[in-house]
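Student: There's a structure below that I have some questions on.
Derivation of every value follows stated rules applied to the coordinates shown; laboratory data play no part. Only a predicted model underlies this, so the values are computations on that prediction, with no experimental measurement involved. Using ideal geometry, Cβ is built from the backbone for each residue, glycine included, and neighbour counts are taken over all protein chains shown.
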Amino acid sequence: MKLTRHNGRAGKNGAYNPKHNDRQFEVANSDHIDQERAKQNVYWDCYQGYRFPTDQAQEDQITYSFEQIEQAFYSERYDDFCEAQHERNRKTGHTGRDRSTKDLWEDKKTCPEESLIQIGTMEKSVSPAVLAEIAAEFFEEFDRRFGKHIHILDWALHLDEATPHIHERHVFDCENRYGEIAPQQEKALEALGFERPHPDQKASKLNSRKITFDAACRVMLFDICERHGLHLDREPEYGGRAYLEKQDYILMKQKEKMAVQDQQIESKEAELEAITIRIEDTEAFVEEVADAAYEQAVDVVTKTVQEEIRNEDFDLIEEHRRIILNNAELSDRERNFAHRIFAGLMNRFKGMTRHISERMAAIFRSPEKKAEIKEPIKESIRDRLARNQKKADELNARRRAERGVPPKRKQQNIEL
């Protein structure tokens, strides 16, 4: 048997519409669709998850079409990009170039790509259960490897036609130069590390990252099929001999690269398990250290103020006491009176010192003042952690260079 995975975006009538996939049309008008078997179809989308035709028969069950799901995804994910582009167009006087998220969804350059997956032909094919298991594993692996920049929107398992097959739709996206998430296939594949089959030659339809990506997907599908005991013909049915040779070369190289990636992923997972301070614990760690540093700082400041007040004022009182009491002209009665006056002053200043210290501590420990003073401490700790991390990264980079390991590829930071 042969494995088929065809991809496309648009036909003579424009971008493909997913109405065929989730049967949102008059099925009775299509002779090639068995209405009774259509009840066995399986549908999945990124918002509602799995659903079946029987769900639509339930009056209290609200279901949304693939078309609605995809437009909702485009609106949620690419609305910021559209709004920012509108603002740039307004400043340059090109508002006629404004596009909505629906325009992006309908444009053949930015619309979802659709893949058809089929194993076998009308004469001989795998069972629907096996096809469903293989597809589920493939989509899971697809999302694990490429989900940062390629998003599966929906798929449908059709059992109502001559041969069981699956329609799956996905969109490529990546940050643009303004830091906005926008649908763009080439940049997404570049961010995922895919190269052209011939990197030293100009990019073209026959020398693009998409060819390498599709080859990687074929490798994944074939490997999953083999795990299910299927041994399929790996030779594509279309194209000339040169094309087949190039495809075989790409498949081989991509399989080698994916094997290396698997090893790197396993190594990375082991490293992550060995880290004692996880990333999500860093802020708690910073907060705890900042709290301890703050409390120590308050104690030091308070004690210092106490000592300064006590030293300066007490020294001044003691100096006056010595001058007066050393006066030989004082009578015993006057000398005793002076002793009582200075003793009272000392007790009064001790009380004032304690009051000032308590007042300072109360001010420093107020929530507003505490937050204000702790922030520079936290920033200092973060800076120290960042410097240490930078040193560790530089050390690791030197060690990797000494071992002849290529530097790690920087990843795009994207908020979903």
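Student: Name the residues whose placed amide hydrogens come within less than 5 Å of the amide hydrogen of A10, ignoring near sequence neighbours (fewer than 5 apart) on the same chain.
Tutor: Excluding prolines and chain starts, which carry no amide H, the hits are Y16.
Student: Which value, in debye to the nearest 20, describes the size of the charge dipole of the range 112-215 about its Cα centre when Lys and Arg Cβ atoms bear +1, Asp and Glu Cβ atoms bear -1, and nothing else is charged? Kindly include the intermediate steps, with their values, before the conclusion.
Tutor: Numbers: 12 positive and 20 negative charges, 104 e Å.
Taking the Cα centre of the range 112-215 as origin, the dipole is about 500 debye.
Student: What's the magnitude of the charge dipole for the range 1-132 around its Cα centre, counting Lys and Arg as +1 and Asp and Glu as -1 at the beta-carbon? Answer in Debye, nearest 20. Provide the component values of the computation, followed by the final result.
Tutor: Working: 19 positive and 23 negative charges, 146 e Å.
With Lys and Arg at +1 and Asp and Glu at -1, about 700 debye.
Student: May I ask you to sort V42, V171 by Cβ crowding, counting other Cβ atoms within 10 Å and putting the fewest first?
Tutor: Values: V42 18, V171 24.
The fewest-first ordering by Cβ neighbours comes to V42, V171.
Student: Another one. Quick query: amide H of R196 versus all other amide H atoms, modeled in the peptide plane; which residues come in under 5 Å with a sequence gap of 5 or more or a different chain?
Tutor: none
Student: Further, regarding this structure: Contour minus end-to-end for E186 and L395, with contour as 0.36 nm per residue of separation and end-to-end as the Cα-Cα distance?
Tutor: Details: separation 209, 0.36 × 209 = 75.24 nm, distance 3.34 nm.
Extending this stretch completely gives an extra 71.9 nm.
Student: In addition: For a quick check: with amide H placed at 1.01 Å from N, whose amide H comes under 5 Å from Y64's, ignoring anything fewer than 5 positions away on the same chain?
Tutor: none
Student: What list do you get for I166, I69, I324 if you sort them by fewest beta carbons within 10 Å?
Tutor: Least crowded to most crowded, the residues run I324, I69, I166.
Student: Please name whichever of L192, C217, H151 sits farthest to the positive end of the charge dipole of the range 90-246, dipole taken about the Cα centre and charges placed at Cβ: Lys and Arg +1, Asp and Glu -1.
Tutor: Most positive-ward Cα: L192.
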